[in-house]
1. Scan region 443-458 and give yes if some residue there is of a type in the set (D, E, K, R) and either under 27 Å from Pro371 (Cβ atoms) or within 46 Å of the chain's Cα centre (by Cα) (or both), otherwise no.
2. Quick check on this structure: which one of Gly112, Gly120 is in contact (Cβ under 8 Å) with a residue 12 or more places away in the chain, surrounded by fewer than 18 Cβ atoms within 10 Å (Cβ to Cβ), in contact with a helix residue (DSSP H, G or I) (Cβ under 7 Å, 6 or more places away or on another chain) and of a type outside the set (A, V, I, L, M, F, W, C)?
3. The conditions are (1) part of a strand (DSSP E or B); (2) touching a residue at least 24 places away in the same chain (Cβ under 8 Å), and Phe140 fails exactly one of them. Which is it?
4. Among residues belonging to region 204-232 that are under 18 Å from Thr163 (Cβ atoms) and under 21 Å from the mean Cα position of the chain (by Cα), point out the one that is surrounded by the most Cβ atoms within 10 Å (Cβ to Cβ).
5. If we scan region 382-398, do we find a residue that is out of contact with any helix residue (DSSP H, G or I) (no Cβ under 6 Å at 6 or more places or on another chain), part of a helix (DSSP H, G or I) and over 30 Å from Leu452 (Cβ atoms)?
6. Just for strands (runs of 3 or more DSSP E) wholly inside region 197-300: which have at least 2 residues that are in contact (Cβ under 8 Å) with a residue 40 or more places away in the chain?
7. Checking Val354 against (1) of a type outside the set (Ser, Thr, Tyr); (2) under 16 Å from Ser463 (Cα atoms); (3) outside the structural domain of Met457 (by TED's automatic domain parsing), which test does it fail?
8. Could you please tell me which pairs satisfy a Cβ distance under 9 Å, a separation of 6+ or placement on different chains, a first residue in region 59-78 that is of a type in the set (Val, Ile, Thr), and a second residue that is surrounded by fewer than 23 Cβ atoms within 10 Å (Cβ to Cβ) and not in a helix (DSSP H, G or I)?
Amino acid sequence: MDTATVTKWETVIGLEVHVQLLTASKMYCACAVAEAQELAQANRHVCPICLGHPGTLPRPNRQAVVRALSFGQKAGASIAQRSVFARKNYFYPDLPKGYQISQFDLPICSGGAVPYWHEGEQRSASLVRAHLEEDTAKLFHLSDGSAALDYNRGGVPLLEIVTQPCFSSGAQCVSYLDELRSLLRRLHISEAAMESGNMRCEPNVSVRPAGSAELRTKTEIKNLNSFQTLRRAVEAEAQRQIALYESGGEVYQATMRFDLERGQTVEMRRKETADDYRYFDDPDIPPLLLSPSLMDDARAELRSSSFEDRLAMMDQDGLSAQAAATLADDETLHRFYRACCADGHEPKTVANWVTGELTRLMRESALHIEPGHLSDLLAALGRSELTLPQAKEVFAAVYSSGRSVAALIEEAGYGQRASGSELREICQQVIDNNAKIVGDIKGGKLTALQALIGQVMKQTRGSASPDEAKTLLSELLGLNP
């Protein structure tokens, strides 16, 4: 499809995100939540309630309710003082009761928004709702044609977060999901890892003529397990719909899947409507009435989001967008940054060390130092007890050993700078030992002076000031200042 055809159309996308909540037990029973590594084992994390045995009485999980309230408060949603659990009726092998306990017309959270960054710009995703429900079991289709059911996942508490149709591309969806994942992790609501299945996203896609306000027929794409796959699936489905409209065809409301090999969306079934699910209030679960203690517990979980941290570091600390994004997206890096800034160190200097040396060392081995180690190092650097190369050497030693900065400075014999007559003598030796470089400099190749400065720094083990070394070398070589 050529570019001219595509630009005649706009893509409109809304997202439904299901996240497994971090709780010790399932949504409506005391049965333990299975650890990820145990999901492939036999059905061990099950009980009569989550298996839907007759006569069982479910009871909402308090931890799940608190986490839903925390998200709603952070997103600025309207919190329902009275919400209702409903039965969503449909038959499928992964649903032993024949219905899923969810929320329908009276969800716990309505409205709100999640701010996010896209291509360096601040944007906001408007929410329709966020409601509680239980997860289904997992169905495996085996190579011999048979199927297996893992009920360990059945009954795990979910929070479904539904946006308005406010995205125009797959890339924009990914930017929002990345920010949402960070927020959910920061608030300890969910691990939010698509690769592990505890965060699942279903985009609703439609297209319309450019400039039109009409919302046309949408389709829903299921079973997407990564941000990259979601981006490709959304783009493929938009192209499919545009091609249909361009050829005079019609788009039907349907559930689609994405064929990775062919890069195309494929219809699974024509879409059900809310009426098809025959929602009605669950007679076994009374309406959820929020108590002051529930709201207090939810507020206690609140903390700044990575979006807010990034904005503050850019506006208040003067950091670049790239540095602020790196620090905000990693809780460990952000903790080091904030602690060192609180000790009075200059924010840009701290950011350079945290995103540079600390990040490099963390890639090589596990973290086993505290922010105080870095703060002590920056203090020593500020007192001119160390040059920059020496500081990097000491920090690497601190990181690997956990020993104090002061002890390692003393052990290495640092703390004294080569200067004055001592440094002049070293500069003269370097000039005497590098006749060719000196010849290049006197022949007009002034950039070669850096090579001599490097030799001086090597001779002094980094204790000399590069600027002082340059001044002395220029003087000894008779160069104009």
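1. Scanning region 443-458 turns up at least one residue that is of a type in the set (D, E, K, R) and either under 27 Å from Pro371 (Cβ atoms) or within 46 Å of the chain's Cα centre (by Cα) (or both).
2. When all the criteria are applied, what remains is Gly120.
3. (2)
4. Out of the qualifying residues, it is Leu230.
5. no
6. Result: 199-209, 219-222, 264-270.
7. Here Val354 clears every test but (2).
8. Val65/Leu288; Val65/Leu290; Val66/Glu301
The values are calculated or read from the model by the stated rules, or taken from the named source; none is laboratory data. Owing to the predicted nature of the structure, the values given are computational and were not obtained by experimental measurement. Neighbour counts run over all protein chains shown; Cβ positions are idealised from the backbone, glycine included.
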